[in-house]
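Report on the structure given below.
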Amino acid sequence: MIKLYDVSKTYGKAKEKAVDSLTLEIGSGEIFGFLGPNGAGKSTTIKMITGILIPDSGSIEIDGVNIADDPIAAKSRVGFVPDTHDIYETLKGIEYLRFIGTMYGVPEAVLRENIDKYADLFEMKGALGDMVGSYSHGMKQKLSIIAALIHDPQVWVLDEPLTGLDPQSAYRLKKLMRERADSGNTVFFSSHVIDVVEKVCDRIGIINHGKLVAVDTLDNIRQSDKVSLESLFLTVTGEGE
Amino acid sequence: MKKYLSLVKLLFVQQYKSRASSERDGRKRRVGTAVLYVILALCFLPIALSVAVAIYYMGKVSGGDPYICMFLTLMCQGLVFMFGVHAIMSNVFIVKDADKLLYLPVRAPVIFLAKLTVAYLNELITTFVTVLVILLPFGIGAHIGAAYYLLLPVALLLIPMLPMLLGALVAMPLSALIARFAKNSVIKTVLRIVIYALLMALYMYIVYRLGFLTGSENGNILDNPEAYAEDILRELTEQLSKVMVYFHPNYLLVRAMTGDTFVRRMLYLLASIGENAALLGLVFAVSLPFYRAMLGMTADSGGRRRMSGYNVHSKGTVAELMRTDLRRTVRDSQMGFQSFAGLVIMPVIVVLLYFMMGLADEGGTSFIELMRVSPLYQAIAPTVILIYMTMLNNGTNVLGLYPISRENRSIFMLKCLPVPFGKILLAKVLLATAVMAINSLITCVLIVALFGLKWYFGLAMLCQMLTLGFGSMCITTLADLKCPRLGWDNFNQNLKNAKNSWLAMLVALVCAVALAAVSAPCIVLYALFGGWYWLLIMWLVSIGLGIGFAAVAYRIMKGKAAYHFGKIEV
Ligand SMILES: Nc1ncnc2c1ncn2[C@@H]1O[C@H](COP(=O)(O)OP(=O)(O)OP(=O)(O)O)[C@@H](O)[C@H]1O
Ligand SMILES: [Mg+2]
């Protein structure tokens with residue numbers, strides 16, 4: 001479960017707020033799609049949820065734990081897949097995963113089992129012995145995905161996870177997101193690919209210029225106005241007719 | 001009663017259960033532990049045997065003198081106490097399982113009693129060994145009657161009582177101290193080691209004072225060993241009879257064991273049991289309120305919610321952070337070179353210096369030899385070299401200078417890990433200090449060898465370099481965290497004009513001035529009045545200050561870590 005209450009963030013000397021009074025609640029067992037044009041504030045929001053950035057005002061709760069009060073407990077419940085691939089280049093894949101596992105306090109046996117399971121799923125087994133620096137874009141992406149799951153987090157946060165993945169891996173990732181949500185965890189991901197969002201999500205939110213402009217379940221959107229998600233997106237972000 | 005018993009069982013068994021995650025790991029660990037114990041036992045067997053033999057002769061010579069026996073009993077208790085304080089602290093007062101036990105429908109006194117019992121049971125094991133090695137050989141040597149052996153099991157049960165009381169009294173303030181630092185595992189560990197060493201030293205001192213000093217002026221042991229031993233024992237007995245009555249329960253117990261009539265024995269025994277019971281009551285009354293207070297403290301601060309099932313504060317975090325950091329730097333050619341070049345530079349400089357000053361002139365004596373003749377050489381040279389090396393060390397250790405800039409864009413990773421920022425910084429400082437330590441060790445060995453310094457000055461220099469290095473790295477790490485240079489593509493390029501090496505030099509300069517200020521008066525006093533203790537004082541004070549500096553710098557760094565980490569925007 002993720003709760004954001006009136007969260008705002010302005011970067012350094014910037015004049016405009018990157019995120020502006022965002023209030024949002026995402027329940028357990030739910031896949032939430034976070035949509036918005038470039039520079040809308042998606043990544044900024046995600047960085048605040050994962051504890052990378054501290055909001056200027058407002059509060060964020062992960063599974064009932066306020067990040068500001070107990071950052072360690074909150075962070076230990078989150079698994080994060082970033083949109084960049086600045087993973088430690090001079091580590092081997094397996095060393096990176098073990099490092100992450102130790103940081104989250106995953107017991108050795110569980111760690112080995114989870115690495116096995118997810119590396120198999122994304123066909124990364126053979127590559128884990130190589131340096132991360134030698135990985136392709138998509139391989140780094142997959143490594144990030146595996147690393148985010150080895151401690152079995154209650155909240156899984158992904159920033160544009162599908163860019164760079166081949167169709168097969170993209171399909172498996174989507175399936176995995178569904179599985180995790182069905183077993184009671186929260187999945188939160190950002191994207192600008194409307195098709196994907198439409199297929200996977202239970203609920204979506206649209207952000208523009210740091211403000212949340214629409215939140216609803218996909219069913220509601222489909223039923224109410226008979227509009228497509230695409231036209232809704234274009235309307236609320238100011239591009240529509 | 002039933003609750004109490006099952007609690008005792010649970011707590012007692014729990015400490016011997018391995019915390020391994022899988023059955024196979026568990027077995028491996030158990031086998032490992034067993035092997036370790038066997039090796040330990042083999043190491044201690046000769047000592048135990050020689051002690052037993054010595055005491056056998058003691059028994060023989062003294063003929064079962066009750067005061068000697070009391071002294072031996074006290075020796076047993078000393079050992080039990082020494083090993084027991086730690087056990088009492090970690091088993092009873094430092095309440096790790098508060099959240100688990102608090103939910104049980106058992107009252108706190110019962111839990112406390114159960115914990116004391118477990119501590120007692122643990123002490124019984126130590127007592128058993130000491131009785132086996134000390135009291136049993138004594139009895140055999142003294143040809144004491146069967147009653148002694150019959151009462152030995154009773155003694156076994158009673159001996160731990162006094163150490164328990166003393167242990168509880170000592171453990172209470174210490175536990176409070178440790179609990180205060182409970183959030184800092186490093187300080188906690190250091191504290192424990194220090195406490196342990198202090199207790200050990202105290203024990204040694206007491207044994208030394210009580211027994212083995214007395215006979216030293218009574219002639220030569222080789223002339224007449226029997227008479228010599230008797231002399232010592234007579235004197236010892238005399239002295240002991242004055243002291244031992246203060247350990248009254250022991251006095252009664254030994255009287256019971258060595259008494260002459262059955263009735264007397266029984267009376268003494270009952271009295272001893274009574275006194276010990278009273279002691280136990282006292283322990284209980286004194287420490288229960290304290291236990292409650294500690295429980296409250298732990299439960300309050302331990303209000304942290306359950307994690308996602310894993311223990312996030314696992315022990316290996318710092319080590320793993322260091323290992324990963326080391327791997328990354330070593331494998332990156334640029335960073336690797338920058339970080340480890342210092343390892344080579346310092347020793348090379350030392351060797352160069354030696355060749356500059358150490359080569360003989362026409363007269364056949366070298367500069368170093370000339371200086372070494374001076375009585376002040378050993379006093380001044382280490383300090384001067386230390387100052388010089390501190391400057392060099394601090395300015396060149398890139399690992400300690402740019403620990404955060406080194407992270408580059410992947411800094412976000414560190415920020416989303418469920419690890420306190422203070423710990424992350426500690427790992428970085430420790431890594432840099434470890435590399436510097438190797439460097440310093442090589443340098444110090446070279447200096448001692450080439451420049452003819454006394455080895456203990458080399459050691460003192462090494463200690464001081466470590467404290468100063470650690471402290472100044474805390475400062476530079478914090479400075480780098482304050483305004484890191486992130487987002488670079490070329491590490492060398494990025495380091496150009498970075499102000500941190502200047503800061504490090506400045507810190508080193510301040511350290512150097514402080515070192516000189518502390519050392520100079522002592523050296524002057526040494527030069528004026530002689531006396532090695534001036535130098536001892538000098539090093540003790542300066543290393544003490546060094547440790548203080550390191551501790552303060554670490555605290556500042558740790559205190560500011562979260563704030564500055566929070567401000568980094570990526
Ligand atoms: N490190 C930074 N420093 C200063 N400003 C930043 C930084 N990162 C983002 N911004 C600004 O904050 C705003 C929101 O950026 P954000 O990265 O959250 O957008 P986004 O929705 O993730 O966009 P995209 O779809 O391109 O990933 C933008 O105006 C951007 O310029
Ligand atoms: Mg983004």
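Could you please give the count of residues in segment B:421-461 that are surrounded by 19 or more Cβ atoms within 10 Å (Cβ to Cβ) and either at pLDDT 90 or above or in a helix (DSSP H, G or I) (or both)? Steps first, answer last, please.
Pass one, segment B:421-461, residues surrounded by 19 or more Cβ atoms within 10 Å (Cβ to Cβ): B:421-433, B:435-436, B:439-440, B:443-444, B:446-448, B:451, B:453, B:457-458, B:460-461.
Right, trim to either at pLDDT 90 or above or in a helix (DSSP H, G or I) (or both) and you get B:421-433, B:435-436, B:439-440, B:443-444, B:446-448, B:451, B:457-458, B:460-461.
The number of residues fulfilling the criteria is 27.
Considering only residues of segment A:195-226 that are within 16 Å of ligand 2 (Cβ to nearest atom) and not in a strand (DSSP E or B), which is farthest from A:G238 (Cα to Cα)?
A:V196
Residue by residue through segment A:4-37, note down the ones that are away from ligand 2 (no atom under 16 Å from the Cβ), within 14 Å of another protein chain (Cβ to nearest Cβ) and touching a Leu at 6+ places or on another chain (Cβ under 7 Å).
Those that are away from ligand 2 (no atom under 16 Å from the Cβ), within 14 Å of another protein chain (Cβ to nearest Cβ) and touching a Leu at 6+ places or on another chain (Cβ under 7 Å): none in segment A:4-37.
Restricting attention to strands (runs of 3 or more DSSP E) lying wholly within segment A:1-110, give those where 1 or more residues are without any contact (Cβ under 8 Å) to a residue 60 or more places away in the chain and more than 14 Å from ligand 1 (Cβ to nearest atom).
Passing ranges, in order: A:2-9, A:19-26, A:57-62.
Checking A:D159 against (1) within 14 Å of chain B (Cβ to nearest Cβ); (2) more than 16 Å from ligand 2 (Cβ to nearest atom): exactly one of these is not met. Which one?
(2)
Among the residues of segment B:376-416, which ones are modelled with pLDDT of 85 or more, surrounded by fewer than 23 Cβ atoms within 10 Å (Cβ to Cβ) and either of a type in the set (A, V, I, L, M) or not in a helix (DSSP H, G or I) (or both)?
B:I380, B:A381, B:V384, B:I385, B:I387, B:I411, B:M413, B:L414, listed by residue number.
From A:I49, A:I67, A:I62, which residue is under 18 Å from B:L417 (Cα atoms), among the hydrophobic types (A, V, I, L, M, F, W, C), within 16 Å of ligand 2 (Cβ to nearest atom) and modelled with pLDDT of 90 or more?
Details: A:I67 fails: within 16 Å of ligand 2 (Cβ to nearest atom); A:I62 fails: within 16 Å of ligand 2 (Cβ to nearest atom).
Of the residues listed, the single one that is under 18 Å from B:L417 (Cα atoms), among the hydrophobic types (A, V, I, L, M, F, W, C), within 16 Å of ligand 2 (Cβ to nearest atom) and modelled with pLDDT of 90 or more is A:I49.
Only one residue in A:V200, A:V193 is within 16 Å of ligand 1 (Cβ to nearest atom) and either surrounded by fewer than 20 Cβ atoms within 10 Å (Cβ to Cβ) or more than 30 Å from A:G105 (Cα to Cα) (or both), so which one is that? Before the answer, list the steps.
Values: A:V200 fails: within 16 Å of ligand 1 (Cβ to nearest atom).
Result of the check over A:V200, A:V193: A:V193.
Being within 24 Å of B:F355 (Cα to Cα) and either touching a residue at least 40 places away in the same chain (Cβ under 8 Å) or more than 10 Å from chain A (Cβ to nearest Cβ) (or both) is true for just one of B:N439, B:N408. Which residue is that? Please lay out each step first, then the result.
On the way: B:N408 fails: within 24 Å of B:F355 (Cα to Cα).
None of the other options fit; the residue is B:N439.
Within segment A:153-172, track down each residue that is in contact with a strand residue (DSSP E or B) (Cβ under 6 Å, 6 or more places away or on another chain) and of a type in the set (F, W, Y).
A:W156
Can you name the residue in segment A:127-181 that is farther than 19 Å from A:Y96 by Cβ and among the basic types (K, R) and, of all such residues, is nearest to ligand 1 (Cβ to nearest atom)?
Per the stated criteria, the residue is A:K174.
Restrict the check to segment B:526-549 and report whether at least one residue is over 28 Å from the mean Cα position of the chain (by Cα), surrounded by 16 or more Cβ atoms within 10 Å (Cβ to Cβ) and in the same structural domain as B:C483 (by TED's automatic domain parsing). Write out each step before concluding.
First, the residues of segment B:526-549 that are over 28 Å from the mean Cα position of the chain (by Cα): B:526-531.
Next, from what is left, pick out any that are surrounded by 16 or more Cβ atoms within 10 Å (Cβ to Cβ): B:526.
Now restrict to residues that are in the same structural domain as B:C483 (by TED's automatic domain parsing): B:526.
Scanning segment B:526-549 turns up at least one residue that is over 28 Å from the mean Cα position of the chain (by Cα), surrounded by 16 or more Cβ atoms within 10 Å (Cβ to Cβ) and in the same structural domain as B:C483 (by TED's automatic domain parsing).
Can you work out which of the residues in segment A:145-195 that are closer than 18 Å to A:D83 by Cα and among the β-branched types (V, I, T) is modelled with the lowest pLDDT?
Here the answer is A:V193.
Going residue by residue through segment B:359-374, is there one that turns out to be within 30 Å of B:N494 (Cα to Cα), in contact (Cβ under 8 Å) with a residue 12 or more places away in the chain and more than 14 Å from chain A (Cβ to nearest Cβ)? Break it down into steps so the answer makes sense when it comes.
Kept after step one, since they are within 30 Å of B:N494 (Cα to Cα), are these residues of segment B:359-374: none.
Taking every residue of segment B:359-374 in turn, none turns out to be within 30 Å of B:N494 (Cα to Cα), in contact (Cβ under 8 Å) with a residue 12 or more places away in the chain and more than 14 Å from chain A (Cβ to nearest Cβ).
Output yes when any residue across segment A:129-151 is crowded, with 18+ Cβ neighbours inside 10 Å and facing chain B (nearest Cβ under 8 Å), and no when none is. Don't jump to the end; show me each part of the working.
Keep residues of segment A:129-151 that are crowded, with 18+ Cβ neighbours inside 10 Å, which gives A:132, A:135, A:139-151.
Pick out the ones that are also facing chain B (nearest Cβ under 8 Å) and you get A:151.
Scanning segment A:129-151, I find at least one residue that is crowded, with 18+ Cβ neighbours inside 10 Å and facing chain B (nearest Cβ under 8 Å), so the answer is yes.
The values are calculated or read from the model by the stated rules, or taken from the named source; none is laboratory data. Quick caveat: nothing in here was measured; it's all calculated off a predicted structure. Here Cβ is always computed from backbone atoms with ideal geometry, including for glycine, and neighbour counts include all displayed protein chains.
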